[in-house]
Each structure stands twice: as C-alpha cells, then as structure tokens.
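Structure first, commentary second.
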C-alpha cells in the first residue's frame with residue numbers, strides 16, 4: 001500500500017484520465033448527495049479538478065449505532081462547521097441536509113431526543129433540506145419518524161431528501177411517496193434518492209425529483225444511468241455519488257458526464273442531470289446562490305476554523321491550482 005500522500009493525491013487524480021477530463025472540459029458539476037465526512041482531502045482536490053463546484057452532504061448512518069444524543073449534536077455541528085470549512089479550502093461550496101436517518105429511527109428512546117434537537121440545526125446557514133430520511137427495514141418506528149420529519153420540513157419550508165431502502169426498494173419507494181402525499185407535500189419539494197430501473201417511471205410520473213446514486217457494482221452503474229437518461233430524458237433527474245465509507249467513487253458525477261458525452265447524450269441533457277436539476281431542486285431552500293460557486297474559488301488554505309487548518313506539519317498552501325502536486 002502506498003503511504004506517500006503526494007503520490008496518493010496524484011494517483012487519485014490520474015484515475016480519472018486526462019482523456020476523460022478533456023471530454024468534459026469546461027463543464028461544471030453539482031453533487032447533491034456525497035458524504036464528505038468519509039472522504040480525504042485528496043478526494044476534495046480531485047473533485048475540484050474534475051469540475052465539481054458544489055455539493056450537498058446529507059446526515060446519515062455512520063456505520064455503527066450512536067450511543068447518545070450528544071453524538072448527533074456533534075455530528076450535525078460538524079456538517080455545518082468543520083466540513084463546510086474543509087470543502088471551502090478546495091474551492092467547493094458545501095451544503096448539507098439534516099435529519100434522523102431511517103436506520104437509527106428504530107432506537108426510539110434516542111430518536112425522541114434527536115427530534116428535539118433537529119430544529120436547532122435545520123434553520124442554520126447552508127442547510128438546504130431535511131434528509132436523508134425515509135425507510136430502511138420499513139418498520140413502524142421508521143414510518144413514525146419519517147412522518148414527523150416531513151412535518152418538520154413543511155414547517156421550515158425546506159425540501160426533503162428521501163432515502164429509499166436497499167431491500168424491497170419498489171414497495172419502499174411507493175410507500176415513501178404515498179406518505180409524502182398524505183402529508184400534502186408538493187412533489188417538487190421532494191427528492192426521491194437511490195432510484196433504479198424499477199422505480200424511476202413511477203417517481204417521475206408522480207412529479208417527484210428522481211435522484212440516482214452511481215455506486216460501483218451496486219445500486220446504479222453509469223452505463224445503466226446513460227440508458228435511463230436516453231429513455232426518460234433529463235427532466236427532474238439528478239445524479240450523485242453518495243461517496244460514503246463503503247466502496248464508492250467521489251468522481252462518479254463527472255465520470256458519468258464523460259460517459260454520457262461519449263454515448264451521444266447532448267451537452268444540455270448532461271448539464272441538466274449533473275448540475276441544473278439538483279441546484280433547482282435544493283434552491284427552493286433559499287440557501288443556494290450560484291454566485292457563491294465563483295467566490296468559492298478564491299481559496300486561502302492558511303485560514304483557520306476553531307483554531308485548525310487543513311495544513312499539517314509545516315505544509316504550505318497550494319499555490320498552483322493547475323497542478324495536483326504541492327511542492
């Protein structure tokens with residue numbers, strides 16, 4: 001295993017080949033579902049180099065159960081604090097969605113405490129929705145807290161980012177939409193995530209936003225994604241990477257754009273599915289100003305957050321933005 005950080009940074013960037021980058025040169029991308037808490041600074045740099053100008057980090061399951069409400073409080077604080085700052089140090093505008101994830105909704109004693117603190121976070125700067133919420137095992141407890149958070153989103157006037165289950169996905173997706181309609185949410189304010197071929201038609205037909213997570217070997221590969229865009233067109237479809245702590249790819253959005261280009265999909269349809277639709281959907285929060293994407297490029301890596309910087313051990317800020325090597 002290579003432990004040289006500069007070589008590792010170079011390998012991450014080169015994994016997305018020069019030819020791929022030339023293929024999408026000048027395009028910009030917005031990843032509306034990416035768990036950057038799980039990623040390294042190498043990934044941030046590679047994303048910026050590939051044209052990603054903004055992203056949304058949903059609150060999610062961290063891989064093991066949290067043990068108390070203060071762990072949620074600290075996690076939510078990191079999404080609107082340190083992670084937002086860390087992203088800014090690579091010229092990427094960071095937003096987040098805040099919510100109690102479906103898996104941890106099954107710990108009802110803890111879930112009740114989390115519901116009490118959610119209003120302290122969903123009105124913060126940079127929070128563009130309530131999410132990711134919905135179903136995992138499709139239990140009564142998951143439904144209870146899903147419904148409560150839909151009402152919270154309605155009260156705050158925020159979009160909702162819905163996690164559809166890995167198991168029995170079609171039924172879980174249908175139930176998620178049914179409940180949202182019961183709570184009288186406008187489908188235009190609801191992003192149904194982790195779609196596949198068996199869910200997309202109904203999601204679009206009912207007027208919801210259809211988001212697709214490009215994961216290696218599961219969920220949705222980018223070749224399948226190309227076929228979906230060819231079949232359904234770009235309206236209300238958006239593409240994301242998730243890029244969580246499992247096997248995932250933080251460059252899934254630009255890589256899919258490159259493949260779409262090679263497969264004959266128009267630049268306009270690529271733009272809609274890898275940038276515009278996501279920005280339009282989450283801009284309903286009132287938190288997204290695209291002018292900030294330009295301002296975010298003015299990076300000063302010597303800045304500090306709570307006394308901390310992204311620089312370590314006498315490192316100097318990156319000066320040459322056209323190079324992936326910090327000399």
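A short reminder: the numbers here are calculations on the coordinates, not readings from a lab. A quick note: this is a predicted structure, and the numbers were derived from the prediction, not measured. Don't worry about glycine lacking a Cβ; one is built from the backbone with ideal geometry, like all the others, and counts go over all protein chains shown.
Quick look at the values:
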read-out	value
Protection proxy ranking of 132-139, 116-123 - average other beta-carbon atoms within 10 Å, highest first	132-139, 116-123
Residue of 130, 299, 253 that the Gaussian network model of the chain assigns the largest fluctuation, springs spanning Cα pairs under 10 Å	299
Separation in nanometres of the label points that stand 7 Å from Cα toward Cβ, at residue 202 and residue 108	2.7 nm
Evaluated at q = 0.17, 0.29 Å⁻¹: base-10 log I(q)/I(0), Debye formula over Cα of region 31-92	-0.59, -1.34
Taking 272, 36 and counting other C-beta atoms within 10 Å, the order from fewest to most	272, 36
Contour excess over end-to-end distance, with Cα ends at residue 25 and residue 40 and 0.36 nm allotted per residue	3.0 nm
For region 176-233, convex hull of alpha carbons as volume per residue, Å³	73 Å³
Förster radius 30 Å - calculated FRET efficiency between residue 71 and residue 155 (Cβ-Cβ, nearest 0.05)	0.75
Whole-number D in µm²/s for the chain (Stokes-Einstein; Kirkwood sum over Cα pairs; 37 °C, 0.692 mPa s)	164 µm²/s
